[in-house]
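Student: Structure below; questions to follow.
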Amino acid sequence: MRFEPLGLAGGFVVHLAWNRDERGGFVRLFDAETFRAHGLPSEFPQTSLSATKTAGTVRGLHFQRAPHGEVKLVRCIRGALFDVAVDLRPGSQTFRQWRAVTLREGDALAVLIPEGCAHGFQTLTDGTEVLYHISAPYAAEHADGVRFDDPAFGIAWPMAVTVVSARDKAWKLIGER
């Protein structure tokens, strides 16, 4: 595994190493010892799968408030997505900035979203599936979000937005918090 800084403190693009032969391939998606050696979270007590039917769908921007903040390790296992992290940490040098990585099925990439950052994505193909390893169990009373179209962030979604849940449309703008 190789860790490339995402441009938000504590965030990384994780380059995975495929081992391929005539049968196909094998890749280690996560290795606790390697993550610990890089000073990164090495326990992910929750793993979730998101399946999205339609290209252009936006999910997010989600996070959990303290004391249930979470780190997410995100990988595309079917289709493709434009994966976004927004820094919501007031003391951070990159506060209110966003970074994005395109993840595709079969590539050797994952994104580590640090605690204190909101996470969302736009699907680039129909039938996209996303696998998440999450460092904290879901705590509904601490679930929160910010609007995907908040002008304070200015996220340049790569496609016209086709579907957004009512919940995600209802999040407050960052200036309303």
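The values are calculated or read from the model by the stated rules, or taken from the named source; none is laboratory data. Source: prediction; values computed, not measured. Virtual Cβ from ideal backbone geometry, glycine too; neighbours counted across all protein chains shown.
Student: Out of everything in the range 76-102 that is among the aromatic types (Phe, Trp, Tyr) and in contact with an Asp or Glu (Cβ under 8 Å, 6 or more places away or on another chain), what residue ends up being farthest from ALA55 (Cα to Cα)?
Tutor: Going residue by residue through the range 76-102, those that are among the aromatic types (Phe, Trp, Tyr) are 82, 95, 98.
Next, from what is left, pick out any that are in contact with an Asp or Glu (Cβ under 8 Å, 6 or more places away or on another chain): 95, 98.
Working: PHE95: 29, TRP98: 21 Å.
This residue is PHE95.
Student: Just to verify a result, which residue in the range 11-61, among those that are farther than 30 Å from VAL163 by Cα and of a type in the set (Lys, Arg), is surrounded by the fewest Cβ atoms within 10 Å (Cβ to Cβ)?
Tutor: Applying the filter and picking the extreme gives ARG23.
Student: Tell me whether the range 64-76 contains one or more residues that are among the small types (Gly, Ala, Ser), on the phi > 0 side of the Ramachandran plot, assigned to a loop (DSSP other than H, G, I, E, B) and surrounded by fewer than 21 Cβ atoms within 10 Å (Cβ to Cβ). Give the derivation first.
Tutor: Residues of the range 64-76 among the small types (Gly, Ala, Ser): 66, 69.
Going one step further and asking which of them are on the phi > 0 side of the Ramachandran plot, we end up with none.
Taking every residue of the range 64-76 in turn, none turns out to be among the small types (Gly, Ala, Ser), on the phi > 0 side of the Ramachandran plot, assigned to a loop (DSSP other than H, G, I, E, B) and surrounded by fewer than 21 Cβ atoms within 10 Å (Cβ to Cβ).
Student: Restricting to the range 3-35, what's the tally of residues that are of a type in the set (D, E, K, R) and outside any loop (DSSP other than H, G, I, E, B)? Step through it out loud before you land on a result.
Tutor: Initial filter on the range 3-35 (of a type in the set (D, E, K, R)): 4, 20-23, 28, 31, 33.
Adding the requirement that they be outside any loop (DSSP other than H, G, I, E, B) leaves 4, 20-21, 33.
So the count comes out to 4.
Student: Quick one: would you say THR47 is more than 14 Å from the chain's Cα centre (by Cα) and hydroxyl-bearing (Ser, Thr, Tyr)?
Tutor: Numbers: more than 14 Å from the chain's Cα centre (by Cα): no; hydroxyl-bearing (Ser, Thr, Tyr): yes.
Answer is no for this residue.
Student: Residues that are out of contact with any strand residue (DSSP E or B) (no Cβ under 6 Å at 6 or more places or on another chain), modelled with pLDDT of 95 or more and of a type outside the set (A, V, I, L, M): does the range 70-88 have at least one? Give the steps one after another, and end with the answer.
Tutor: Our first condition is that a residue be out of contact with any strand residue (DSSP E or B) (no Cβ under 6 Å at 6 or more places or on another chain); within the range 70-88, this holds for 71.
Narrowing further to those that are modelled with pLDDT of 95 or more: 71.
Then drop every residue that is not of a type outside the set (A, V, I, L, M), which leaves none.
Within the range 70-88, not a single residue is out of contact with any strand residue (DSSP E or B) (no Cβ under 6 Å at 6 or more places or on another chain), modelled with pLDDT of 95 or more and of a type outside the set (A, V, I, L, M).
Student: Still on this structure, please answer the following. Collect the residues in the range 87-107 that are under 17 Å from PHE30 (Cα atoms) and either loosely packed, with under 15 Cβ neighbours inside 10 Å or out of contact with any Leu (no Cβ under 8 Å at 6 or more places or on another chain) (or both), keeping them in residue-number order. Explain how you work it out, then say what you get.
Tutor: Taking the range 87-107 first, the residues under 17 Å from PHE30 (Cα atoms) are 103, 105-107.
If the condition is that a residue be under 17 Å from PHE30 (Cα atoms) and either loosely packed, with under 15 Cβ neighbours inside 10 Å or out of contact with any Leu (no Cβ under 8 Å at 6 or more places or on another chain) (or both), then GLU105, GLY106, ASP107 are the ones that fit.
Student: Mind checking whether some residue in the range 38-50 is assigned to a loop (DSSP other than H, G, I, E, B) and of a type in the set (D, E, K, R)? Steps first, answer last, please.
Tutor: In the first step, residues of the range 38-50 are kept if they are assigned to a loop (DSSP other than H, G, I, E, B); the result is 38-45.
Cutting the leftovers down to of a type in the set (D, E, K, R) gives us 43.
Yes; the residues of the range 38-50 include at least one that is assigned to a loop (DSSP other than H, G, I, E, B) and of a type in the set (D, E, K, R).
Student: Out of all the residues in the range 108-143, which are surrounded by 15 or more Cβ atoms within 10 Å (Cβ to Cβ), of a type in the set (A, V, I, L, M) and under 23 Å from VAL164 (Cα atoms)?
Tutor: The answer is VAL111, ILE113, ALA118, LEU124, VAL130, LEU131, ILE134.
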